[in-house]
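The values are calculated or read from the model by the stated rules, or taken from the named source; none is laboratory data. Values in this document were obtained by computation on a predicted structure and should not be read as measured data. Cβ placement follows ideal geometry from the backbone for every residue including glycine, while neighbour counts extend to all protein chains displayed. Only protein heavy atoms, including side chains, enter the accessible area calculation; ligands, DNA and RNA are left aside. Shrake-Rupley method; radii C 1.70, N 1.55, O 1.52, S 1.80 Å.
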Amino acid sequence: MSDKILIVDDEVEIADLIETYLKNENYAVYKFYSAEDALACINETELDLAILDVMLPDIDGFTICRKIREKHTYPVIMLTAKDAETDKITGLTLGADDYITKPFQPLEMVARVKSQLRRYKKYNHPQTEKTDHILYCSDLIVDTKKHECLQNNKPVSLTPTEFSILQILLENKSNVLSGEELFRRIWKDEYYTKSNNTITVHIRRLREKLNDTLENPKYIKTIWGVGYKIDEN
């Protein structure tokens, strides 16, 4: 069955271009030029990934992203204007997994989509049986097979990127990993470059969901000038 991808962009040429390239890769595409129709699709369709333009005529892409994160954990890629750093940070803070700056190369878009879907499928549909898929830290339990995170036996809803960061840190307990190293392990495509700011935003969002703090961390510790780590508990 083909992966189902939502595209929301009021620039017809861009939306049509993305649709063409994704259909060439045998993805099922749901394309909309406005947010209202897209929100109906989100409520009625089991999607695998969403591509959202920030600027829309009725409701902005940030609102759509927020609506998605109320019920779903599939990857969200935001389309932002050139050098719109504030838009990038806002999108990541709301739960987006990645962003692409306009104008972009269509093949870059396809590569990003494939990368996000690979990770999403890996966490939700593991292909191999493992005995070391349960990770612990204090009252935190992460099941990498089921893609579940429990805190005090209560589920914590994480995006694929947030789950990736937490899993990598737990698998490397007591070891400090730089933002660059985390970025490299999560995104392996040639189009990705060093972006510590991206990791910083995801770490901040992850801490918020775990009720963790930078000043008095229970889980994720910042080693200034070096990176992040989770100690044995």
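What are the ³J(HN,Hα) couplings of region 85-91, residue after residue, when phi is run through the Karplus curve with 6.51, -1.76, 1.60 and θ = phi - 60°? Round to Hz, x for glycine and proline.
Karplus-based 3J(HN,Hα) across region 85-91 equals 4, 4, 4, 4, 5, 4, x Hz.
What nm distance separates the two modelled labels at Ser138 and Lys114, each placed 7 Å from Cα along Cα→Cβ?
With each label placed 7 Å out from Cα toward Cβ, I get 4.1 nm.
Give me the mean projected area, in nm² to one decimal, of the convex hull enclosing the Cα positions of the chain.
The number I arrive at for the chain is 12.9 nm².
How large is ³J(HN,Hα), in whole Hz, for each residue of region 200-217 in order, when computed from phi with the Karplus curve 6.51 cos²θ - 1.76 cosθ + 1.60 and θ = phi - 60°, using x for Gly and Pro?
With the stated coefficients, region 200-217 comes to 4, 5, 5, 4, 4, 5, 5, 4, 4, 5, 8, 6, 9, 10, 5, 6, 9, x Hz.
Quick check: net charge around Leu214, other residues with Cβ under 12 Å of its Cβ, Lys/Arg +1 and Asp/Glu -1?
+1
Can you tell me which lysines have their Cα less than 23 Å from the Cα of Lys121? Leave out same-chain residues fewer than eight positions away.
Lys4, Lys23, Lys31, Lys67, Lys71, Lys130, Lys145, Lys146, Lys188, Lys209
Using a 1.4 Å probe on the protein chains only, how many percent of the accessible area of the chain belongs to carbon and sulfur?
47 percent
Run the helix sum for the chain: -39,500 (n - 2.57) per DSSP H stretch of 4+ residues, divided by residue count, reported at 222 nm to the nearest 500 deg cm²/dmol.
One gets -13000 deg cm²/dmol as the mean residue ellipticity at 222 nm.
With label points built 7 Å along Cα→Cβ from the Cα atoms of Ile223 and Thr86, find their separation and express it in nm.
For Ile223 paired with Thr86, the spin-label model returns 3.6 nm.
Where in region 86-111 is the amide nitrogen less than 11 Å from a point lying 7 Å along the Cα-to-Cβ axis of Asn24?
106-108, 110
Using alpha-carbon pairs under 8 Å, 6+ residues apart, how would you state the relative contact order of the chain in percent?
With pairs under 8 Å counted, the relative contact order is 14 percent.
When N counts the residues of region 6-106, how does its alpha-carbon radius of gyration compare numerically with 2.2 N^0.38 Å, as a ratio?
0.97
Can you list the residues, at least 5 places off or on another chain, whose amide H is less than 5 Å from the amide H of Glu148, using H built in the peptide plane?
Residues meeting the amide H criterion: Asp143.
Would you please give the FRET efficiency between Arg66 and Ser174, computed as 1/(1 + (r/R0)^6) with r the Cβ-Cβ distance and R0 = 41 Å, to the nearest 0.05?
0.70
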